[in-house]
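S.K.: Please see the structure below; I have some questions.
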Amino acid sequence: MNPALTSVLLLVALAAFSWTTFRRVAPLLALRGDDRLSRFGERAALLLRFGLGQRRLVDPEERGPGVLHVLVFAAFVVLALRTLTLFGVGFEASFHLPLLGEEAALGRAYLFVKDLVVLGALVGVAGFLWRRIVTRPDRVTRSAEGVVILLLIAGLMVTEIAFDGALRVVRGAAPEWAAPAGSIGAAALGPSGLGFGSPALGRVAVAALFLHLALILVFLNVLPYGKHFHILTSLPNVFFGRLPPRAALRKLDLEAEDASFGAATVRDLSWKEAWDVYSCTECGRCQTHCPTYLTGKPLSHKEVNRALRRHLARSAPDLVAHARAKDGAAREAALGRLPALSTVIPPETFWACTTCGWCETACPVLIENVPRLVDLRRQAVQVDAVFPDEAGRMFKGLETQGNPWGIGSNRRTEWCADLDVPRASSGQPFEWLFFVGCAGAFDDRQKKVSRAIVRILREANVSFAILGEEETCTGDAARRLGNEYLFQMQARAGVETLNGHGVKKILVQCPHCLNAIRNEFPQFGGNYEVVHHTQLIERLLAEGRLHPGRAEGLGAVTFHDPCYLARWNGETEAPRAALEAAGVAVREMPRSGRQGFCCGAGGGRMWLEEKVGTRVNQERVREADATLGEGGGVVATGCPFCLTMMKDGVNETGREGRLRVLDVAEIVALGLPAGREGPARGTGEGGA
Ligand code: SF4
Ligand code: SF4
């Protein structure tokens, strides 16, 4: 073999790789810190499940390309040892790693697996080339880089097969099932194939080996320049992934001397957010159910990553200068040269997101999209004071009356004026605090749902109370619209009230209240067991405390999963169990459960106008209608915002005669025995 050539190849290639990688990673040192090393066990589990296990790539919805990726990925993992071996062979022909010699049982087993993954990788590459060049699905970005990388991988596999095959012919080895790739190589090069003689085959083996080594080093040096850097960064990215509670947004320390109020420039991103950008494979899975992308808004998680990657590369010199600066003036000068981040991700993009979470749920490498978009909103609201007028009206209502409509807070209990609902302030003990929520208290349609819940609680003899006029909005929408200051005011007040009453268990009817109280109030000292009403109904059914009969007169029923219940809080079964108990056989929409399609109201979008593209709620109503079929029927849901959006969608698309929108609680209440309403008389069915 040729130690000199091997040494030169290694030295030049590794020096070049170290330099380019340093240039990509150095700017990250100037970015915001973020602890992504704690809770090691949970991180290792993430790595096993989503990284090495490729969990999201083999999702049933996308199985074809997922399997192709698994084939290529498996080759990279298995061939790591083979690569070390082949570099060793470059120095000394008889080299092998300990225990992996061709005579050892382990070595033979490894070579068999190696051959399988080499052939598998060729199948994977062929499949990907077919997708890129022939079928060209919408979610795949067209780029020459993708084709070049696939051809490089194919070249690596072919040279591996040629090296192995040539050696087999030289040694006179017979074809065998235990060496499928090598046997194919031998057949192609030997007497039955290209007919190379013995001396020529020796030269073919050496040429194949050094071409293989050169291709590995070229491949390594191409990676840091484009999206295929993810081959190196994505496994660490999965390890650094966000741990539960995933749905909680970062709490800003607004009192700190160097407080950051949002993302003004790229410097306000965290190093992990930059690592995310490097890890994007541009697979486009994040777009497939994104409500904004599919309805024509200028937002796609993938495109945000592409824009940020270009911007990071352009900003690298200033970020490095900032990190190295010895004095404040030099640091400020470097910062001053960075353009506003809103010129890279424009307002029409960061305001479009409903924070439905689909993109993060779909992303195979666990890239986080929502927090950075919210940080841009925070900058717009809290520093630049440039935000949609409708958001301003909502903030004002929250500030003055503790609810987004700005309705007098003294009217918070009108919905239950005739129900004699116990108050937490009465001093009487209670098990569950029913947190009614602003929609449940002020929205005429949702008030009917609140009353249905009270009826169910009474039917099952549940001990409960409400806060009444002491209740105030959780501030969920304010936080997601970027008004962290207002959210923190609301959250602190809410925690103070709840703790003041010694509350331990909270029942909510709104998944946004659920998310804020369960996942974000702990940031302010509020720790409670929080359940959604469908979850409590499921529990009461299991305990034999609730026995609803069949809810009559509904026709066909489909269920629209609220994003903040199904996706962010993992609950898809309880609403279906409750509906089943009421005699309803749910017809599932094509996009349901954790793959559900947003109604368009999350992330504070409930309060903003939707001026670009088609309306998200109409898109969802069309899907529900198609699922229900000719006679129409009922769209059931479990969220006040979803209820409003679906109801509006029904009206906007002229489907009032065909579709009704009901909450699960209303359907369950319909099946309760007549004449046992008790103080909760007047509850029951609403309608679109
Ligand atoms: S963000 Fe994730 S899902 Fe979207 S293109 Fe990148 S890797 Fe794929
Ligand atoms: S959170 Fe939802 S709306 Fe926002 S970018 Fe992701 S998929 Fe689209």
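S.K.: Can you give me the % of accessible surface on the chain that is carbon or sulfur? Probe 1.4 Å, all protein chains present, nothing else counted.
M.R.: Carbon and sulfur atoms account for 59 percent of the accessible area of the chain.
S.K.: What do you get for Rg/Rh of segment 489-629 when both radii come from the Cα atoms and Rh is the Kirkwood radius?
M.R.: 1.02
S.K.: Ok, one more. At q = 0.05 Å⁻¹, work out log10 I(q)/I(0) for the chain with the Debye formula, treating every Cα as an identical point scatterer and leaving solvent out; two decimals please.
M.R.: For the chain, the Cα-only Debye profile gives -0.31.
S.K.: Still on this structure: Taking 0.36 nm per intervening residue step and subtracting the Cα-Cα distance, what contour gain separates K251 from R545 on full extension?
M.R.: Additional length available on full extension: 101.8 nm.
S.K.: Please list 3J(HN,Hα) in residue order for segment 542-555, calculated via the Karplus relation 6.51 cos²θ - 1.76 cosθ + 1.60 where θ = phi - 60°; whole Hz, with x for glycine and proline.
M.R.: 5, 7, x, 9, 9, 10, x, x, 5, 7, 7, x, 8, x
S.K.: Roll a 1.4 Å probe over the protein heavy atoms and report the accessible area of R309 in Å², nearest 10.
M.R.: Rounded to the nearest 10, the figure is 30 Å².
S.K.: Suppose each label sits 7 Å from its Cα in the direction of the beta carbon; what would the V123-D444 distance come out to in nanometres?
M.R.: Result for the modelled spin labels: 6.2 nm.
S.K.: For S94 and N461, what does the FRET efficiency come to when R0 = 60 Å and r is the distance between their Cβ atoms, rounded to the nearest 0.05?
M.R.: It comes to 0.15.
S.K.: Given a 1.4 angstrom probe, what's the average accessible area per residue across the chain, in square angstrom?
M.R.: Value for the chain: 40 Å² per residue.
S.K.: Please state, rounded to one decimal and in Å, the Kirkwood hydrodynamic radius that segment 307-364 gives when every pair of distinct Cα atoms enters the mean of 1/r.
M.R.: That comes to 13.7 Å for segment 307-364.
S.K.: Rg and Dmax of segment 1-74, Cα atoms, in Å?
M.R.: 19.0, 51
S.K.: Next question. Could you pull out which residues in segment 515-538 have an amide N less than 18 Å from a spot 7 Å beyond the Cα of A259, following the Cα-Cβ vector?
M.R.: 523-525
S.K.: May I have the extent of the alpha carbons of segment 1-153 along their three principal axes, as whole Å values ordered from largest to smallest?
M.R.: 48, 41, 38
S.K.: What does the extension gain come out to for S18 and K505, with contour length at 0.36 nm per residue minus their alpha carbon separation?
M.R.: 169.9 nm is the gain from fully extending S18 to K505.
S.K.: Something else: How large, in Å, is segment 242-294 by the Kirkwood hydrodynamic radius built from its alpha-carbon pairs?
M.R.: Value: 14.1 Å, from the Cα pair sum.
S.K.: Next question, about the same structure. Rg(Cα) of segment 75-143 divided by 2.2 N^0.38 Å?
M.R.: Compared with the compact-globule rule of thumb, segment 75-143 sits at 1.53.
S.K.: Let me ask you something else. If you consider only alpha-carbon coordinates, what radius of gyration and Dmax does segment 420-514 have, in Å?
M.R.: 13.5, 41
S.K.: Now a separate question. Answer rounded, prolate or oblate for segment 374-440, using the Cα gyration tensor with square roots of eigenvalues a ≥ b ≥ c: rounded when a/c is under 1.5, else prolate when a/b is larger than b/c, else oblate.
M.R.: Cα axes put segment 374-440 in the prolate bin.
S.K.: Next question. Just report the Cα centroid separation between segment 211-258 and segment 49-101, whole Å.
M.R.: 20
S.K.: Quick one: which residues, 5+ away or cross-chain, put their amide H under 5 Å from the amide H of A104? H built at 1.01 Å from N.
M.R.: Under 5 Å from the amide H of A104: no residue qualifies.
S.K.: Further, regarding this structure: Taking a 23 Å limit on the Cα-Cα distance, which of the listed pairs K251/K611; K251/K272; K447/K611; K227/K272 fall beyond it?
M.R.: In this structure, K251/K611; K447/K611 exceed 23 Å between Cα atoms.
S.K.: Also: C356: net charge of surrounding residues, Cβ under 13 Å, Lys/Arg +1, Asp/Glu -1, itself excluded?
M.R.: +4
S.K.: Which of the lysines could a cross-linker span from K448 if the Cα-Cα distance has to be under 18 Å and same-chain partners fewer than 8 positions apart are dropped?
M.R.: Straight-distance partners of K448: K647.
S.K.: What is the Å³ per residue value for the convex hull set by the Cα atoms of segment 193-260?
M.R.: Cα-based convex hull of segment 193-260, divided per residue, equals 186 Å³.
S.K.: Right, another one. Please compute the modelled spin-label separation between L10 and A577, points set 7 Å along Cα→Cβ, answer in nm with one decimal.
M.R.: Output for this residue pair reads 5.9 nm.
S.K.: How many angstrom lie between the C-alpha centres of segment 2-25 and segment 429-483?
M.R.: For segment 2-25 versus segment 429-483, the Cα centre distance is 63 Å.
S.K.: In addition: Taking θ = phi - 60°, what integer Hz values does the Karplus form 6.51 cos²θ - 1.76 cosθ + 1.60 yield along segment 392-408, in sequence order, with x for Gly and Pro?
M.R.: x, 5, 5, 4, 5, x, 5, 5, 8, 10, x, 8, x, 7, x, 6, x
S.K.: Kindly state, as a whole number, the per residue volume in cubic angstrom of the convex hull around the alpha carbon atoms of segment 335-485.
M.R.: 174
S.K.: Run the dipole for the chain about the Cα centre, Lys and Arg Cβ at +1, Asp and Glu Cβ at -1, nothing else charged, and hand back the magnitude in debye, nearest 20.
M.R.: Using Cβ point charges on Lys, Arg, Asp and Glu, the chain gives about 1240 debye.
S.K.: Identify all aspartates and glutamates with a Cα-Cα distance to K302 below 12 Å; exclude those on the same chain that are fewer than 8 residues away in sequence.
M.R.: Answer for K302, where 12 Å is the Cα cut-off: D276, E282, E360, E368, listed by chain and number.
S.K.: Taking every pair of Cα atoms in segment 318-419, average 1/r, invert it to obtain the Kirkwood radius, and report Rg/Rh to two decimals.
M.R.: Reported Rg/Rh, Kirkwood definition of Rh: 1.17.
S.K.: While we're here: What do you get when you divide the Cα radius of gyration of segment 585-670 by 2.2 N^0.38 Å, with N the number of residues?
M.R.: 1.05
S.K.: If the chain between L116 and A144 were fully stretched, how many nm would it gain, using 0.36 nm times the residue separation less the Cα-Cα distance?
M.R.: So the extension gain works out to 7.3 nm.
S.K.: What FRET efficiency comes out for D34 versus D59 if R0 is 30 angstrom and r is the Cβ-Cβ distance? Round to the nearest 0.05.
M.R.: Efficiency at R0 = 30 Å is approximately 0.60.
S.K.: Step by step: find N for segment 160-214, compute 2.2 N^0.38 Å, then divide the Cα radius of gyration by it. What's the final number?
M.R.: 1.00
S.K.: Still on this structure, please answer the following. Per DSSP helix of 4 or more residues, -39500 (n - 2.57); summed, then divided by the residues of the chain. What does that give at 222 nm, rounded to the nearest 500?
M.R.: Estimated from H runs of four or more residues: -15500 deg cm²/dmol.
S.K.: Given R₀ = 30 Å, what would the calculated FRET efficiency be for N2 paired with A104, taking r from the Cβ atoms and rounding to 0.05?
M.R.: The computed FRET efficiency comes out at 0.70.
S.K.: Relative to the longest principal Cα axis of the chain, at what angle does helix 63-91 sit, 0 to 90 degrees, rounded to 10?
M.R.: Orientation of helix 63-91: about 40 degrees from the principal axis.
S.K.: Shifting gears a bit: Over all distinct Cα pairs, what is the inverse of the mean 1/r for segment 542-688, reported as the Kirkwood hydrodynamic radius in Å?
M.R.: 15.7 Å is the Kirkwood radius here.
S.K.: Quick one: angle between helix 3-25 and the longest Cα principal axis of the chain, in degrees between 0 and 90, rounded to 10, please.
M.R.: With both axes taken from Cα atoms, the answer is about 20 degrees.
The values are calculated or read from the model by the stated rules, or taken from the named source; none is laboratory data. These numbers were taken from a predicted model, which means no experiment stands behind them. All Cβ positions, even for glycine, are placed from backbone atoms using ideal geometry, and neighbour counts span all protein chains on display. Heavy atoms of the whole protein, side chains included, go into the accessibility calculation; ligands, DNA and RNA do not. Shrake-Rupley method; radii C 1.70, N 1.55, O 1.52, S 1.80 Å.
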